[in-house]
Structures are given as C-alpha cells and as structure tokens.
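Right, one structure below, let's go through it.
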Amino acid sequence: MRYSEAITVGIDGSSNALGAVRWAAHAATIHQTTLDIVFALETAAPPLIDYAVPEVYFDAARLYAKAAVATAVQVAETESPDIEIRTHVVVDSARGALLSRSRSSSMVAVGSSGTGRLTAALMGSVATALASHSVCPLAIIKDNGEPPRPTGRVTVGVDGSPESLEALDWAAHEATDRAAQLSVISAWNSTGFQQSDRAFADAEREIESALAVHVNAIKRRLPRLRITTQVIDDAPVAALAKASDDSDLLIVGSRGRGGFTGLLLGSTSQGVLYSARCPLIIVP
C-alpha cells in the first residue's frame, strides 16, 4: 500500500504551515491513514553553545511549540474529524527532523507562501534538501490566501526517465483515490527546429509514441481512470506553471533527463518549486 505509513506535516507556527496541515489532513482522509504533526525545536546555534543560554529561552520555545501544535491539531480536526492525529515535538533542525521522518512516512508535507518563499523554519537549504533527499514523496503546499478551487484534475510531468515513470504511477493512484482526471504532460524544447520541418514532426511523433506506451500500461491496470495526454513545445518550467493553474495537484519525479524532473536538482529547481500554483508533489 502506498499509504501504509502516516502522512507527516512539518509546522513552524506560521499560517502557511497551517495551510499544509489542512491539505495533509484532507489527504490523510482520502488515503485512510494517520496524520503526524511535527514541530522541530531547534537548539541554540553553534556559536552560542559555549555560553550559558538562559533556561527561559528554552521554556519560551517549548511553550511556543506546544501552542503551535495545539493550533495545528485544531485545524486538522476541523478539516478531517475522523482521522487519527499524532503530534511530535522533536529537538532537531527542521531539515534533520523531516528528512528523518521521511524514512518512515508515506509522504512529508510542508507549507510555502504565496510568493514562493518557504515558511521560516523550512526555507532555503531545508527545501532543497527535502526535494533532493527525501526518502518518501514530498508535498509542497502553497498558501495563496484563498481557498483552492477544486478542478478534478491531477497533472504529472513525464520525460521518459525511470523517475518520471514512478511519478506517473504515483499520480495515477492519486487521481484514482481522488476520483480525478489524470493529465499526463511531456514538454520538449524545439529550439533549432522549424515546425514545418520533417524532423520536427518526426521528433514530436516519437515523443507521443513513447508517452502512449506508458499511458496505455496505466490504462490496462486502471481501466476506469480518465487520462488525457499532451506533448507540449515549451520549456518544462513554463509548461508546469501553466498546467498548475488548472490542477488540484502537480506531480513530478525528483530526477530525470533534464526535462520536468531533472530540473529539480539544478539551479532551475527554484523555478519549479516556486512557479507551481497548486500543491506540488515530488516523487523520489
């Protein structure tokens, strides 16, 4: 079972994190699993460890964590009153705590602001580490300040790599569990081709043919799943951003051939993470 373990959501007391809690609680209901809420209580920074840190500092941090967790539980229970919720306040960095949890979770979810800035405890290197090294799928939930409009569509980017095919398989099951349509997109950059050239048509047909093989395999296993396919002549990041406008979920693999999934390991990874305008799931 893909969701045999809990869904873990990382929180930091921010409103953006609560958006991730709300999404994760709903996902836990859909997949009939437990929700683990994790607050990472970071110790004093290394330059301070040679000095006496007042105990009141730690008391205040613990109280803040307790309050943040209580609020997150309330949000989760309001969204999904029937799920089992477990809470964890761990002494660790956000990066370390969530990477560790990814080894025993079905999915890890974190929040992101509407401008693409990850929430305070999860920004910068933490997001990159999770995207690149999480053992389980990572969900990045963007809070745009308004409730999402359900579209009934799950979109997945495929470039033919094994990792993107794993993302395709995951997306097919997500769409099935959500009773949604699956939109399969393959983007390629035709720079150097003229659309009137035979080479352009041959290249596009080759991509369509390869994509059809993988999609047909999904159709045989999940005959009731509604699937559409698109081969798009566009930069992958741009194609992903456009597709996310009309999707409930956008799913990619963590590595690939330099298309959708390969971008997540390079300098353009920030573009993919920040440009998606719906929840983004990265499948390792």
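The values are calculated or read from the model by the stated rules, or taken from the named source; none is laboratory data. This structure is a prediction, so every number in the text was calculated from the model and none was measured. Cβ sites come from the backbone with ideal geometry, for glycine too, and all protein chains shown count toward neighbours. We work out accessible area using only protein heavy atoms, side chains counted, and drop any ligands, DNA or RNA first. Shrake-Rupley method; radii C 1.70, N 1.55, O 1.52, S 1.80 Å.
Whole-Hz ³J(HN,Hα) for each residue in the stretch 18-35, computed from phi via Karplus 6.51 cos²θ - 1.76 cosθ + 1.60 with θ = phi - 60°, x for glycine and proline: what do you get?
5, x, 5, 4, 4, 5, 5, 5, 5, 5, 5, 5, 4, 9, 6, 9, 7, 10
So, R0 is 51 Å and r is the distance between the beta-carbons of ASP59 and ALA179; what FRET efficiency does that work out to, to 0.05?
Values: r = 48 Å, r/R0 = 0.94.
Calculated value: 0.60.
Using a Förster distance of 25 Å, how high is the FRET efficiency between GLU42 and ARG2, based on the Cβ-Cβ distance and rounded to 0.05?
Working: r = 31 Å, r/R0 = 1.26.
E between GLU42 and ARG2, to the nearest 0.05, is 0.20.
Please report the accessible area of THR78 (heavy atoms, 1.4 Å probe, ligands and nucleic acids excluded) in Å², nearest 10.
It works out to around 110 Å².
Can you sort PHE39, PHE58 by 1.4 Å-probe accessible area, starting with the largest? Before the final figure, lay out each step's value.
Details: PHE39 15, PHE58 55 Å².
So the residues, ranked largest to smallest area, are PHE58, PHE39.
Under 20 Å from the Cα of LYS142, which aspartates and glutamates turn up, not counting those fewer than eight places away in the same chain?
ASP12, ASP36, GLU79, GLU174, ASP245, ASP246, ASP248
By accessible area of protein heavy atoms, probe 1.4 Å, what ranking do LYS219, LYS242 get, highest first?
Result of the area sort, largest leading: LYS242, LYS219.
So if each residue of separation counts as 0.36 nm, and I subtract the Cα-Cα distance between THR71 and ARG149, what length gain in nm does that give? Present the calculation step by step, with values, prior to reporting the outcome.
Working: separation 78, 0.36 × 78 = 28.08 nm, distance 2.43 nm.
Contour length minus Cα-Cα distance gives 25.6 nm.
Scan around VAL91 for amide H atoms under 5 Å from its own, H built in the peptide plane at 1.01 Å from N, and keep only partners 5 or more places away or cross-chain.
It is LEU41, by chain and number.
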